[in-house]
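The values are calculated or read from the model by the stated rules, or taken from the named source; none is laboratory data. Here the structure is a predicted model, which is why all the values come from computation and not from measurement. Cβ: placed from backbone, ideal geometry, glycine included. Neighbour counts: every protein chain shown. Heads up: the accessible areas ignore ligands, DNA and RNA and are worked out on the full protein's heavy atoms, side chains in. Shrake-Rupley method; radii C 1.70, N 1.55, O 1.52, S 1.80 Å.
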Amino acid sequence: MKNPLLKKVLPHFIAIAVFLIVSLLFCKPAIQGNVLNQHDIVGWKGMSHDAFQYKEKNGHFPLWNPNLFSGMPNYQVAMQGKTVIPDLVKIATLGMPKPINFFFLACICFYILCMVLRTKPVVGIFGGLAYGFATYNAVIIGAGHETKMLAIAFVPLLLAGLIATFEKRYWLGLSLTTIGVFQEIAANHPQISFYFMLVAAAVTISYAITWIKQKDWKHFAMSAGIVMLAGIVGLAGNALTLLTSSEYTPFTMRGGKDVTIVGDSVKAARTSGLDTSYAFQYSLGKAETFVILMPGAFGGGSGKTAGEKSHVVKKLTARGVDPTQAADLAANSLPRYWGGIAPSTSGPPYIGVIVCLLALIGFVILKTPLRWGLLAVTVLGIMMAWGKYLPGFNNFLFHKLPLYNKFRAPSMAMVITQFTLPLVAVLALQFILFREKSRELLKTEFKKILIAFGALFGVMILMYAAMDYNSPLDPLLLNNRWDNSGNTELGRLIVSGLKGDRRSMFGEQLLRSLLFGGFVLGILYMYIRGFIKPLLAGILFFLISSIDLLIVDHEYLNDDNYRSPEEMTSENFTPSANDQVLLADKDPNFRVLNMAADTYQEARTSYFHKSIGGYHPAKLRIYQDVIERYMSNRPEQAIINMLNTKYLFIQNPQTGKEMVIPNPDAFGNCWLVKNVTIVDNAVQSLTMIGKTHLKDTAIVEMEFKDAVVQPQRDSSSSIRMTKFDNDAIEYEANCNGPQFAVFSEVYYPRGWKALLDGKTVPYCKADYVLRGLSIPAGKHSIKFVFEPASVKKGVSIMYIASFIILLFFLGGIYMDWRERKKLRLN
């Protein structure tokens with residue numbers, strides 16, 4: 001090729017084309033205009049619909065969202081800052097629709113990392129496809145965890161910035177680290193960012209040890225300064241998100257609690273994060289770790305059933321059960337999944353056999369300082385993923401590791417291995433194929449590789465022979481009454497049959513892994529003997545690896561996950577006849593309790609109405625307390641009344657269809673009480689609201705006693721709402737004497753302020769979860785305004801920072817190009 005520039009850039013264009021073609025083919029329905037039917041996105045659209053309607057009317061998003069959980073900050077649902085930075089995700093993904101853009105973006109970011117590591121483009125293509133199409137990505141995209149996917153996609157870009165800095169490419173490091181931090185935090189999935197910090201710490205320590213040994217203090221200082229500067233600027237670009245979340249978190253479930261509830265009992269508590277029982281849900285079983293290279297060993301996802309060919313069918317029919325009934329039971333009622341993730345899993349974190357085996361080779365033969373750091377953080381990630389199955393270790397981390405007690409779902413820590421193993425695999429592939437005298441080096445190390453493979457597959461064979469194939473679900477299956485006689489024999493037969501299925505699944509997957517192991521060794525052997533060239537070997541690796549991943553991915557994200565836009569709207573957001581009844585109510589400022597659905601896990605109701613329930617991972621703690629104590633089973637009438645619940649959706653016991661029940665006893669938007677009872681603490685407050693006639697008596701905790709004036713109740717005094725706006729609610733009171741009003745709005749102290757006749761006055765928490773205000777005699781206007789300082793401050797900081805981010809990003813790339821040009825000329 002005569003043109004040197006074309007020779008240099010062509011491989012990169014080929015890489016981009018490969019990523020784009022694979023993403024387009026895998027997501028073909030998206031090209032045809034279809035959209036994914038994602039549970040979480042449907043939920044988000046439900047909870048954010050009111051905010052978008054508000055923005056359409058007023059030109060900006062509201063700060064408060066009244067349509068879920070009786071009200072919560074809208075900046076936890078949808079918000080808009082001020083920035084000069086364009087939509088880099090849209091630019092980087094060429095404007096491709098979802099989910100094509102997610103896969104393509106992850107591939108591109110990992111490819112950039114590979115180029116920073118100076119690998120050959122074919123190795124970068126292998127790594128990009130391995131990372132972008134790891135099965136966990138397909139699983140979470142199908143579920144609608146889009147912020148998580150974006151955070152995963154930007155992880156390699158951020159690490160590329162760190163490594164460029166550590167490798168003394170300071171300008172490129174400044175550019176990539178700045179934009180990497182900015183985009184990673186902007187994805188707004190703190191748990192993924194937390195896991196990246198563990199990887200970054202391991203990588204940094206690996207390099208730092210080398211610098212210390214070499215006494216390269218100047219480079220140490222330069223690297224630290226650049227990373228810190230880029231980090232601060234990137235964080236500042238997300239000031240709105242960070243400041244509002246930091247302000248909000250202490251008041252949520254993730255910020256700890258002051259009370260603990262067991263049944264009807266309420267006791268004092270003092271925690272600073274989630275409960276371990278809640279946080280350690282979705283823990284990965286220890287043996288289940290091997291799904292990273294055996295995707296079906298534990299049954300795949302929880303939605304899969306044993307099937308008509310199950311061993312259960314054979315055992316039941318042998319005992320006289322009708323074959324049709326046995327087959328129907330196995331096909332519709334018995335779970336195939338037998339791992340430790342409870343209550344359910346959508347699919348395995350499969351990384352790919354080829355990737356795992358090449359990573360194993362890398363851990364054995366690589367000499368880079370990255371090896372030990374990546375190995376350490378890989379092991380750490382696996383141990384963290386075990387959660388409750390390694391309680392001593394993970395309880396220690398939960399209570400000692402900063403921020404860790406804010407997160408749940410330990411199995412998510414497998415994203416660490418999803419990142420580190422492809423990275424080590426890429427380094428290994430570059431080492432064994434393209435390093436100088438690589439054939440000779442590979443010959444020397446081949447014995448070590450064979451020993452490593454033998455050890456790995458030996459462990460897997462021992463597991464196959466020694467495991468009991470029990471499942472956490474087995475006690476439920478054994479205790480289930482499979483017939484009316486109460487005989488437990490059927491349960492034992494079913495569990496025994498399922499164990500046979502599990503053994504077969506594990507064995508099949510073991511053979512599958514051995515076959516792929518043979519492919520790896522075969523390619524390496526042919527390369528050592530000179531039968532194939534390095535480029536062909538690299539192409540074979542990325543073809544086999546990618547086809548394998550795409551086949552497995554297709555089980556969890558395929559045509560069945562797509563709908564036409566019209567179908568999506570019809571299925572989820574078309575108002576029912578009952579919705580139409582409520583929407584016709586001339587006073588829309590009431591709430592709805594939907595008991596015909598999963599009240600606290602669905603947000604369709606919030607799409608149309610101000611809902612008692614909703615869908616959000618960070619509810620206000622005081623509201624969650626009320627749910628747990630009074631609303632989780634049969635809702636207490638007094639509680640739904642004080643929340644101004646005018647209508648209830650329930651399931652008709654005769655027809656099974658949804659029906660509307662009016663609640664004429666709802667207290668309304670606000671009311672005046674006859675007296676106020678002061679209690680010592682939150683425990684007494686939460687307990688008392690279930691024993692008090694709240695229309696007449698308000699319950700206020702001792703810390704707010706200075707804001708309370710005992711009312712002089714008379715029937716002629718009144719209060720009413722005159723105007724409702726998400727961020728400003730107005731009332732009019734006419735009082736013949738001092739009064740105390742309770743407002744059916746959720747208490748949240750960070751941003752809401754009360755104005756009486758235009759002057760700011762103190763208000764308090766009343767009835768554990770609502771707002772209360774003392775009102776002097778006379779006619780008064782009352783206004784509650786939501787103006788959190790964190791929003792104004794965050795917008796200002798992010799706007800200023802956005803200019804600096806662009807300067808660092810573009811300027812850093814230009815300066816790196818100029819320096820490399822000088823080197824070429826010299």
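Modelled this way, with points 7 Å down the Cα-to-C-beta line, the labels at LEU515 and GLN214 are 4.6 nm from one another. With r as the distance between the Cβ atoms of ILE14 and PHE803 and R0 = 56 Å, compute the FRET efficiency 1/(1 + (r/R0)^6) and round to 0.05. Result of the calculation: an efficiency of 0.95. Surface composition of region 695-826: carbon and sulfur atoms hold 55% of the protein heavy-atom accessible area at a 1.4 Å probe.
Compactness of the chain, taken as the C-alpha radius of gyration over 2.2 N^0.38 Å, stands at 1.06. A Förster distance of 51 Å, applied to the separation of the beta-carbon atoms of ASN558 and ARG824, puts the FRET efficiency at 0.60.
Taking Cβ atoms as reference points and 15 Å as the exclusive limit, the residues near MET631 contribute a net charge of -2, counting Lys and Arg as +1 and Asp and Glu as -1. For region 596-737, averaging the sequence separation of C-alpha pairs within contact (under 8 Å, six or more residues apart) and dividing by the residue count gives a relative contact order of 16 percent. With each label modelled as a point 7 angstrom along the Cα→C-beta vector, the ILE205-ALA331 pair spans 5.4 nm. In this structure region 409-458 gives 37 Å² per residue of accessible area when probed at 1.4 Å with all protein chains present.
The residues of region 133-263 present an accessible area of 34 Å² per residue when probed at 1.4 Å with all protein chains retained. If you average the C-alpha positions of region 567-588 and of region 372-404 separately, how far apart do those two centres end up, in angstrom? The distance from the Cα centre of region 567-588 to that of region 372-404 comes to 46 Å. For the pair GLU730 and GLU787, a Förster radius of 22 Å applied to the C-beta separation gives a FRET efficiency near 0.90, rounded to the nearest 0.05.
A simple spin-label model places the labels of LEU401 and LYS723 5.1 nm from each other, with each point 7 Å out along Cα-to-Cβ. For a straight C-alpha distance cut-off of 17 angstrom, the lysines reachable from LYS367 (same-chain residues fewer than eight places away being disregarded) are LYS213, LYS437, LYS443, LYS447, LYS448. Ligands, DNA and RNA left out, the 1.4 Å accessible surface of region 371-459 is 68% carbon and sulfur atoms. From the alpha carbon centroid of region 755-826 to that of region 604-648 is 29 Å. What do you get for trypsin sites (Lys or Arg not before Pro) in region 165-228 restricted to DSSP loop and a cutoff of at most 16 other Cβ within 10 Å of the site's Cβ? For trypsin sites (Lys or Arg not before Pro) across region 165-228 that sit outside H, G, I, E and B with at most 16 neighbouring Cβ atoms in 10 Å, the list reads LYS168, LYS215. Other residues lying with their Cβ under 15 Å from the Cβ of LEU172 contribute a combined charge of +4, Lys and Arg counting +1, Asp and Glu -1. The residues packed around TYR350, meaning those with a beta-carbon under 14 Å from its beta-carbon, carry a net charge of -3 if Lys and Arg are +1 and Asp and Glu are -1. Average accessible surface for region 553-649: 43 Å² per residue, computed with a 1.4 Å probe over protein heavy atoms with every protein chain in place.
Distant-in-sequence amide contacts of LYS646, defined by a placed amide H-H separation under 5 Å and a gap of 5 or more residues or a different chain, comprise ARG591. Here region 263-285 and region 677-719 have alpha carbon centers that stand 30 Å from each other. A straight chain from GLU56 to MET702 at 0.36 nm per residue would run longer than the Cα-Cα distance by 228.3 nm.
Highest average first, the peptides 750-759, 813-822 ordered by how many other beta carbon atoms sit within 10 Å of their residues are 750-759, 813-822. Close amide H contacts of GLY340 (hydrogens built in the peptide plane, cut-off under 5 Å, sequence separation of 5 or more or a different chain): GLY285. For region 204-280, which whole-number percentage of the solvent-accessible area (1.4 Å probe, protein heavy atoms only) is attributable to carbon and sulfur atoms? Carbon and sulfur atoms account for 65 percent of the accessible area of region 204-280.
For THR692 and ASP757, the difference between the fully extended length at 0.36 nm per residue and the C-alpha to C-alpha distance is 20.3 nm.
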